[in-house]
Amino acid sequence: MIGKIATGEIVEGQPETRAAAALGKRVGKARAANLTPEQRSEIAHIAAEARWKKGDR
């Protein structure tokens, strides 16, 4: 998709992009519902470490 945006084939923010974002939200919620609290905590811990390493505090 990035290539299509770069070439002007599609414009960022078109319905395709919004639809993909909506689908991602649904999938994320479904995934979270299937994880144990310990698994969610571990994923959050890994994400926090990555943000600190990158400098996004």
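The values are calculated or read from the model by the stated rules, or taken from the named source; none is laboratory data. Everything quoted here is computed from the prediction, not taken from an experiment. Cβ coordinates were reconstructed from backbone atoms using ideal geometry, including for glycine residues, and neighbour counts include every protein chain displayed. Heads up: the accessible areas ignore ligands, DNA and RNA and are worked out on the full protein's heavy atoms, side chains in. Shrake-Rupley method; radii C 1.70, N 1.55, O 1.52, S 1.80 Å.
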Looking only at the range 35-56, and only at residues there that are in a helix (DSSP H, G or I) and among the β-branched types (Val, Ile, Thr), the one that is most open to solvent (accessible area, probe 1.4 Å): Ile46
Any pair with Cβ under 8 angstrom, 6 or more apart, that starts in the range 38-57 at a residue that is closer than 17 Å to Gly28 by Cβ and ends at one that is surrounded by 10 or more Cβ atoms within 10 Å (Cβ to Cβ): Arg40/Ala32; Ile43/Leu35
Extreme residue, farthest from the chain's Cα centre (by Cα), among residues of the range 9-54 that are at pLDDT 90 or above and of a type in the set (Ser, Thr, Tyr): Thr36
